[in-house]
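K.L.:
Following this message is one structure expressed as structure tokens.
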Amino acid sequence: MARSHLTLAALATSAVAGLDVAGARSYSYGSQGDFDAALLTGRDGRELIIRVPTAQAAETEQSADLIALASLSAGIRARLPFSVPTYVGQAPLNGTRAVVYDFLPGAKVTLADIAAGEGLATSLGGAIAAVHSLPSGFIGETGLPVLTAAECHDSTAALIANAAATRMLPVTLRDRWERATDDGALWQFQPTVINGALSVDSFLVEQEHVVGVLGWAALRVGDPARDLHWLLGLRSDAAQSALDAYAAARRISTDKQFSQRAMLYAELEIARWLLHGREVHQQAIVDDAVQMLDGLVDRVRSEGSTRLAPETGPIMQVADVEAMLKQTPGDRPGSAQDGHSNGLKPVTEDPAGEEFATDDHTPINSSSE
């Protein structure tokens, strides 16, 4: 049973010393989620969000999110052209915890809302580039994962091998993906700071500009293409505008094939969905993934090439990506601001190619600022 906004408001007064709540209302995005959440207004006018995980996966990710937010110092945040959630306090609750954050204003958008040209598409590209341009030293200092290009390659190859071992992966896709991992030039890139779990739901927008980014549980140093794959779900001209803005902001000279890896990661989301279905023993998920893999084969063949080449354009349509990343059972919280869960957990790979998640319940007793 969901906790009421009044219960959550009372918890917030325990989590934040001196908080005087003047108003509270339930706060959610959609009807399904792994968090109970409420939007609170203090008598001083300050707006806060309180979130309580209702599932172990959500609790684990909340822990990782807190660690990541604590690593984003005031100096690091000052380099970003948008706001990031700020941890305010927490209170224990029945073996888990309620966590309070400052509320970030801004509207959510859908993939279909993003048009080509100057505006939101270019703002998205610039926002992602700003994350990738952060100095990487603080990641290692905080104990967050730092992956080499070779480790990113190896984890991708392991995912493909695991999908092929199910005997449900079409040969066309297996060969296409294996050729990509065999292409040494594709993996010549400099790892950067990445969010690690970006989707359209990560962004808060005002007047065609990104003003906030939510959900930092997969923060790490890794392949920058990880943060770009979801852009291929945009209309092709909008995707190109975003990628062009990204490339211009990064002034990339050594990574000529980031868009190819981004496409590979986008396609591999279906393989991850297949493996997830097998792991949780849900045949409906497996069947859904198999159907999407068959559809991907048809689209690849319609392009006339089964190779991920520089001239390959986005092949996943908006409806396909939304179905793949949003209409899946909730394992991944959609944001640090609301209680909605949108699809698979963030991709978090270790050097051995096995997925892992941070599960640290150590309280954080100071602001991430």
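The values are calculated or read from the model by the stated rules, or taken from the named source; none is laboratory data. In this text the structure is predicted, and so the values were computed from the model without any measurement. Note: ideal-geometry Cβ built from the backbone for every residue, glycine included; neighbour counts use all protein chains shown. Ligands, DNA and RNA are excluded from the accessible area calculation, which covers all protein heavy atoms including side chains. Shrake-Rupley method; radii C 1.70, N 1.55, O 1.52, S 1.80 Å.
K.L.:
Give me the percent of accessible area attributable to carbon and sulfur for segment 171-291, probe 1.4 angstrom. Can you show the working numbers first?
P.N.:
Working: 1990 of 4400 Å².
The C+S portion of the solvent-accessible surface of segment 171-291 is 45 percent.
K.L.:
Could you do me a favour and compute the accessible area per residue for segment 93-207, 1.4 Å probe, result in Å²? Don't jump to the answer; show the numbers that get you there.
P.N.:
Working: 4380 Å² over 115 residues.
On a per-residue basis, 38 Å².
K.L.:
Net charge near G137: determine it from the other residues with C-beta under 15 Å of the C-beta of G137, scoring Lys and Arg +1 and Asp and Glu -1. Present the calculation step by step, with values, prior to reporting the outcome.
P.N.:
On the way: positive: R79, R220; negative: E141.
It works out to a net charge of +1.
K.L.:
Here is a further query. Could you work out the Kirkwood radius for segment 131-205, taking every pair of different alpha carbons, averaging 1/r and inverting it, reported in Å?
P.N.:
About 14.8 Å, per the Kirkwood formula over Cα pairs.
K.L.:
Return one whole number: the accessible area per residue of segment 13-83 in Å², for a 1.4 Å probe.
P.N.:
Result: 43 Å² of accessible area for each residue.
K.L.:
Tell me the carbon and sulfur percent of the accessible area for segment 1-87, rounded to whole percent, probe radius 1.4 Å.
P.N.:
On the way: 1920 of 3900 Å².
Carbon plus sulfur share of accessible area: 49 percent.
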